[in-house]
Amino acid sequence: MRLTQSLFILLLISFNTYSQQEIFDEIESTKPIAISDIKTTHLIFKNKIKYLDIGSRYFVTDTIENIVKVKHIGGDFIEKNEEKKTNITIITQDGDYYSIPLFFERDITNTTYKLDHSLNNNNNILMKNEQKKMGMYEMCHFSRKEVSNYNIKGNRDLLLSKVSGIFYRGDYIAIRLVVKNFSTIDLNIDHFLFRFMKDKRYAQDIVYQERVLRPVLICNETDKVRGTGGIEVFSFVFEKFTPNNNEKLQIDIIEKNGGRSTTIVIPRKKLLKPRVI
């Protein structure tokens, strides 16, 4: 059920929100392994097998604990290219991911292969990156749909901007920002600047270096808010953070080739109490 929900979320995001963005990077396979119809090949892993899928019915498999047995059915099914090549995908109990190309060869010498985390380190790193990226996009999706839990406003030069939500999920915090343009001139946004500022009450106590907070994902591809009541909603996904004592987060929205701007200040207390989604 959880897998189905995750696939639905990824498809929804891919088609409705991020049609121009690549969600997954290609994961490189291990070296091809020859499989015979007269000998059984054994693949030995460090941990028990959790998931296995093979792409062709001309190759048959069986699993015992941490061992996968593979054999080709042979006979008349060794002529066409699709009968001689396939791949096998395996995930172990500790989350190691393997994508292994297989090809038919009757006379093989090596029938045993030992695969472990150290031999497959690059694939594991890429798999973990994909899981992390999936979490970012899930956060992006949920933060746009969630009911507002804050209404922190900034208003200047006929621009209404407000933070309508601060959300927390897994390793990420999302800040949802609404921008409304009451001017008849379209607003082209140059950039959003997020920076931690020292509270005015403490600003002169010590020398203080501002800290810039950079989002890992912006959940809106537009950079324009149309005039005469145009509205755009932006969700900014950050790796989870907490402000230092006596800090606040200031958001500046800067117009491209223009003089309009607006600022929103989020107090530390509100940053420490996001809605868990």
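The values are calculated or read from the model by the stated rules, or taken from the named source; none is laboratory data. Remember, predicted model here, so these are calculated numbers, not experimental data. Positions of Cβ are generated from backbone atoms using ideal geometry, with glycine treated the same way; all protein chains shown enter the neighbour counts. The area values use the complete protein model at the heavy-atom level, side chains included, leaving out ligands, DNA and RNA. Shrake-Rupley method; radii C 1.70, N 1.55, O 1.52, S 1.80 Å.
Measuring only protein heavy atoms, the 1.4 Å probe finds Leu249 accessible over about 0 Å².
Where a ≥ b ≥ c are the square roots of the eigenvalues of the C-alpha gyration tensor, would you call segment 54-100 rounded, which needs a/c under 1.5, or, failing that, prolate if a/b is larger than b/c, or oblate? Please list the in-between numbers first.
Working: a/c = 4.62, a/b = 2.00, b/c = 2.32.
Taking the square roots of the gyration eigenvalues as a ≥ b ≥ c, segment 54-100 is oblate.
Given R₀ = 41 Å, FRET efficiency for Val276-Asn66 by Cβ-Cβ distance, to 0.05? Efficiency computed from Cβ-Cβ geometry: 0.65. Legend: residues Asp107, Asp252, sorted from most to least accessible area (1.4 Å probe; ligands, DNA and RNA excluded), read Asp107, Asp252. Placing a label point 7 Å from the Cα of Asp186 along the Cα-to-Cβ direction, the residues of segment 249-277 with a backbone N closer than 17 Å are 255-260. For a paramagnetic label modelled on Arg57 (point 7 Å from Cα along Cα→Cβ), amide N atoms under 20 Å away belong, within segment 74-110, to 74-89, 102-104. The distance between label points at Lys224 and Thr109 comes to 6.7 nm (points 7 Å beyond Cα on the Cα→Cβ vector). Taking every C-alpha pair closer than 8 Å and separated by at least 6 residues, the mean separation divided by the residue count of segment 46-112 gives a relative contact order of 33 percent.
Among residues other than Glu82 with Cβ under 15 Å from its Cβ, the summed charge is +1 (Lys and Arg +1, Asp and Glu -1). For the pair Tyr168 and Thr263 in one chain, pulling the backbone fully straight at 0.36 nm per residue adds 31.9 nm over the alpha carbon distance.
Straightening the chain between Ile73 and Asp94 buys 4.5 nm, computed as 0.36 nm per residue apart minus the Cα-Cα spacing.
Label point 7 Å out from Arg214 along Cα-to-Cβ: which residues of segment 247-277 have amide N under 20 Å? What the label zone holds, given the 20 Å backbone N cut-off, is 249-254.
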